[in-house]
C-alpha cells in the first residue's frame, strides 16, 4: 500500500511548469511594454490576481493534491476541479482585464486573429453570456457524472483534456462576467448577477447530491486505499460539502464585486452626462 504523500512532495510535470512559467513571463513582458510605450497603466491588484491564478493552477495540478486526487480521495479530486474551473479562471481574468486592450493576448495570437480571425471569432462566441454559462455548466456537470469521472481519472490523457476544457470554459464564463463590455460590446449590468446565479445552480447539481447521499457513487474511489481514516461515503460527503462551501463563498464575493462595479459604472456614466449637459 502506498503512503499518502506529504505536502513537501510535488509533482514534476514539465509541460505544466513550462506553461505556467511561459504565462508568467508573457505577463511580465507585457507590463514592461505597457510602461515603456505608455500605452496604459497596469494595476498592482491585477498583477497579484494573475500571479495568484497561476499559483492556484500549480497547487491544483502540481502539488500533492494532484496525487491524492488520483490515488486516494474524491475530496481532493473535487477540490482540484473547483480550483481549476472556478478559482483560477476569475483570478486570471482579473489580471488580464487590467492590461491595455490591445495587449490582452500574446503577439502570435493577435497576428493570427488579424490574419484569419478564427481564434478571435471563437472567443467572441464563447464569451457570449448565452454560450459561456451553459457551456461551463454542461462541462462541469457532465465531467462530474460517475461513469465519465471514473473513466477520466484512470486515463491521464483524458484527465488532462478534462482539466483543460474545465479551465477554458471557466475562463470564458468569468470573462463574460468580469469584463462584459469587451466580451459582448455592451454592459449587461445586473444581468451578470443572473449569470452568477445560473452558474452556482449548476454547481449545486453536483455538490448537493454528493453531500447528502448515503451511497458512494464513484466506483473508482470506492476501491482505492482509504486515506486519513475516511470511508468512501464520508469522503464523498466531505467532497460535496467542501465544493458547496467554496461555491457559496465565490458567489457571495462575486456578487458583491459586481454590485460595486455596476454602481461605479452608473456613477461614472452620470458624471459624464452632467459634464455633457454643462458643456452645452
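All of the numbers you see were taken from the coordinates with simple rules; none came from a lab. None of the values given here were measured: they were computed from a predicted structure. Counting neighbours? That spans all protein chains shown, and the Cβs are built from the backbone with ideal geometry, glycine included.
Counting neighbouring beta carbons within 10 Å and listing from fewest to most, the residues 124, 247 come out as 124, 247. Between residue 228 and residue 124, what's the calculated FRET efficiency when r is the beta-carbon distance and R0 is 45 Å? Round to 0.05. So the FRET efficiency works out to roughly 0.50. Exposure proxy for 244, 207: other Cβ atoms within 10 Å of each Cβ, ordered fewest to most, give 244, 207. Scaled against 2.2 N^0.38 Å for its residue count N, the alpha carbon radius of gyration of the stretch 49-94 is 1.12. Annotation: the residues 175, 17, sorted from fewest to most other C-beta atoms within 10 Å of their own C-beta, follow the order 17, 175. Per the Debye calculation on the stretch 15-97 with a single equal scatterer at every Cα and no solvent contribution, log₁₀ I(q)/I(0) for q = 0.13, 0.25 Å⁻¹ amounts to -0.47, -1.14. Summary value for the stretch 141-254: 28 percent relative contact order, contacts being C-alpha pairs under 8 angstrom separated by 6+ residues.
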